[in-house]
Amino acid sequence: EVGVAVRGLHKRYGPTAALDGMGFSVGPGRVTGFVGPNGAGKSTTMRVVLGLDTADEGTALIGGLPYRSLRRPMTHIGALLDAAALQPSRRARNHLLWMARSQGIGARRVDEVIDRVGLATVAGRRAGGFSLGMRQRLGIAAALLGDPGVLMMDEPFNGMDPEGIIWLRGLLRALAGEGRAVLISSHLMSELQDTATHVVVVGRGRVVADTSVAELLAAA
Ligand code: ADP
Ligand code: ADP
């Protein structure tokens, strides 16, 4: 059972309702866009799915299990949350080796993911000297380490140059083609309409539309 099921999430930060009944599913073998304006609750939802934050109400399951009961190496889910915050003083390959070691994953897999994200020529450099687009690639490499069935990325197109955007679109389609469930957040539908086949549109902490991209474009 590959995928994510989010049901009835509610979360308040003081007077702000960050999540107000958020619920949707992410199925295998496709790219699902998670689209809505800034502040709609996309990052909070992803943080709750990953057990980095708790909801006041509702459930979030990965392959039928809550994040806290998943085992390492992390073959269920890989995530990219905030690429800008990646360890600046670490050399890219060393950072990945350190992350891999903590999951019992070997160096060969590290070099595979470095190749897959196109960082082989700069893997010996410190991440602090990387552009945001390169940090996004490094974060994606980290997310791929455990060869996970589900991939979740928060605004991965941010800071990517045109070549990077084309590359990332191809990568996302390929990851879905390998049978993975892929959830990509964006505040721009245009970033995802050539890549995602399904889209969950959100606003003010809840789902506004949950449909195929073909239907969404036909209705527009
Ligand atoms: P998005 O990812 O769609 O931009 P977020 O999930 O980041 O939306 O934010 C949803 C709402 O929750 C916003 O109003 C945001 O200001 C608020 N919020 C998110 N995280 C916190 C936090 N740690 N403390 C207070 N408010 C927060
Ligand atoms: P330097 O070039 O300054 O020695 P490196 O990037 O080579 O820094 O990393 C030094 C050590 O820190 C390595 O042994 C590596 O495994 C470990 N390391 C790498 N990334 C992290 C991290 N994110 N957190 C903690 N330790 C890390």
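Structure notes:
- In region 77-94, the residues that are under 19 Å from Asn158 (Cα atoms) and either among the β-branched types (Val, Ile, Thr) or within 16 Å of ligand 1 (Cβ to nearest atom) (or both): Ala79, Leu80, Leu81, Asp82, Ala83, Ala84, Ala85
- Cβ pairs under 9 Å, 6+ apart, first in region 81-92 and under 12 Å from Ile140 (Cα atoms), second near ligand 2 (Cβ under 6 Å from one of its atoms): Leu86/His95
- Output for region 196-220, where each listed residue is under 19 Å from the mean Cα position of the chain (by Cα) and open to solvent by 40 Å² or more (accessible area, probe 1.4 Å): Thr197, His198, Arg206, Val207, Asp210
- Being over 22 Å from Val199 (Cβ atoms) and under 11 Å from the mean Cα position of the chain (by Cα) holds for only one residue in Gly129, Gly133, Gly139, Gly159, and it is Gly139.
- Count of region 1-20 residues which are open to solvent by less than 40 Å² (accessible area, probe 1.4 Å) and under 24 Å from Leu192 (Cα atoms): 6
- Every residue from region 22-47 that is farther than 21 Å from Asn158 by Cα and without any contact (Cβ under 8 Å) to a residue 40 or more places away in the chain: Ser25
- Inside region 77-92, residues that are outside any strand (DSSP E or B) and open to solvent by 80 Å² or more (accessible area, probe 1.4 Å) make up a count of 3.
- Odd one out for Arg72, checked against (1) in contact with a strand residue (DSSP E or B) (Cβ under 9 Å, 6 or more places away or on another chain); (2) more than 16 Å from ligand 2 (Cβ to nearest atom); (3) assigned to a loop (DSSP other than H, G, I, E, B): (1)
- Residue in region 119-135 that is in contact with a helix residue (DSSP H, G or I) (Cβ under 8 Å, 6 or more places away or on another chain) and hydroxyl-bearing (Ser, Thr, Tyr) present: no
- Filter result (under 15 Å from the mean Cα position of the chain (by Cα), more than 13 Å from ligand 1 (Cβ to nearest atom) and open to solvent by 10 Å² or more (accessible area, probe 1.4 Å)) within region 177-195: Arg180, Glu191
- Region 94-132, subset near ligand 2 (Cβ under 8 Å from one of its atoms) and of a type in the set (Lys, Arg), residue least open to solvent (accessible area, probe 1.4 Å): Arg126
- Exactly one residue among Ser25, Ser69 is polar (S, T, N, Q), loosely packed, with under 15 Cβ neighbours inside 10 Å and farther than 15 Å from Pro148 by Cβ, and that residue is Ser69.
- Odd one out for Leu138 among (1) open to solvent by 10 Å² or more (accessible area, probe 1.4 Å); (2) within 30 Å of Leu9 (Cβ to Cβ); (3) more than 16 Å from ligand 1 (Cβ to nearest atom); (4) in contact with a Phe, Trp or Tyr (Cβ under 9 Å, 6 or more places away or on another chain): (1)
- Boolean, Ala100 is within 17 Å of Ala83 (Cβ to Cβ) and in contact with a helix residue (DSSP H, G or I) (Cβ under 6 Å, 6 or more places away or on another chain): no
The values are calculated or read from the model by the stated rules, or taken from the named source; none is laboratory data. No experiment lies behind these values; they were computed from the predicted model shown. Please note: Cβ atoms are built from the backbone with ideal geometry, for glycine as well, and neighbour counts cover all protein chains shown. The area values use the complete protein model at the heavy-atom level, side chains included, leaving out ligands, DNA and RNA. Shrake-Rupley method; radii C 1.70, N 1.55, O 1.52, S 1.80 Å.
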